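Contents: one structure, followed by commentary.
The values are calculated or read from the model by the stated rules, or taken from the named source; none is laboratory data. Quick caveat, the model's predicted, so the values are computed rather than measured. Here the Cβ is made from the backbone with ideal geometry for all residues, glycine too, and neighbour counts use every protein chain on show.
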Amino acid sequence: MCGILGFTGKGKVREIVREGLKALEYRGYDSCGYALSKSNELTIKKRVGKGKIDELADDLPECLVEKISVIAHTRWATHGKVDLTNAHPHTDCTQKIAVVHNGIISNYISLKRQLENKGHRFVSETDTEVVAHLIEENIKEFPFEKAVMKSFQQIEGSFALLVIRKGGDEIIGARNGSPLIIGANKTGFFISSDINSIARYTDNIMFLDDGEMFILNK
Ligand code: GLU
């Protein structure tokens, strides 16, 4: 087990990530990371080991009045060793799409082969990275939201997934067999694998069902 967290809106980004991930620590983890999409930048930071959440969150802006999207993750490795490269978020070849994932993508080997044959270069040993490259591939044919939906339809297994992109202000996600909860308040939308990690911000909560996808934007 591990955890997933997201926020899109304006507000206390550092606190949301730090306290949100800490509330997920009980689920166990071996590494952690986040991706922040702000203005036209996508910033990624990762740490290996337990007890690194404060250190991870330290570089985040304390509070932002501009709209941002952030996705964060505590990993419990199932595919690939515990190291910085395999820690989430994972990105596509262009480093413009960032993905965090809980669970296992059971058909990742065949998808990875197909994508490698199309020229995609993988850097991690994880099953997760295939999602970022799938989206990158589908974007050649479809608008971003549709490309993400198509990618979700191509993967099998158990997952909770969150996706953001450079220059975009949305968070797109889906679940199948792993929990995912959405909360909303005046500052924005919160997403988590456990209600306790976002309950301090809102009691306006929505539970996703397996097979459901969402797009959160302004
Ligand atoms: N299967 C993915 C990995 O090994 C995600 C594991 C998790 O749920 O943290 O990185």
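When the residues of the range 63-103 are filtered to those that are surrounded by fewer than 17 Cβ atoms within 10 Å (Cβ to Cβ) and of a type in the set (A, V, I, L, M), which remaining residue is nearest to Arg27 (Cα to Cα)?
Ala77
Suppose we keep only residues that are of a type outside the set (Val, Ile, Thr) and without any contact (Cβ under 8 Å) to a residue 40 or more places away in the chain within the range 40-57. Which one would you say is nearest to Ile171 (Cα to Cα)?
Only one residue fits best here, namely Lys45.
Among the candidates Leu115, Leu60, single out the residue that is away from the ligand (no atom under 16 Å from the Cβ), buried (at least 20 other Cβ atoms within 10 Å of the Cβ) and more than 29 Å from Phe189 (Cβ to Cβ).
Matching residue, one of Leu115, Leu60: Leu115.
Scan the range 41-93 residue by residue and report those that are closer than 19 Å to Thr126 by Cβ and of a type in the set (Gly, Ala, Ser).
Within the range 41-93, Gly49, Ala72, Ala77, Gly80, Ala87 meet the criteria.
Kindly provide the set of residues from the range 63-83 that are within 16 Å of the ligand (Cβ to nearest atom), basic (Lys, Arg) and either under 15 Å from the mean Cα position of the chain (by Cα) or under 17 Å from Lys218 (Cβ atoms) (or both), ordered by number.
Hit for the range 63-83 is Arg75, nothing else.
For the range 150-178, what are the residues that are outside any strand (DSSP E or B), crowded, with 18+ Cβ neighbours inside 10 Å and modelled with pLDDT of 95 or more?
Within the range 150-178, Ser151, Phe152, Ile155, Lys166, Glu170 meet the criteria.
Here's a check for you: in the range 124-139, which residue that is in contact with a helix residue (DSSP H, G or I) (Cβ under 7 Å, 6 or more places away or on another chain) and within 16 Å of the ligand (Cβ to nearest atom) is farthest from Ile172 (Cα to Cα)?
Asp127
Of everything in the range 71-118, what is in contact (Cβ under 8 Å) with a residue 60 or more places away in the chain and part of a loop (DSSP other than H, G, I, E, B)? Give them in sequence order.
Within the range 71-118, Trp76, Gln95, Lys96 qualify.
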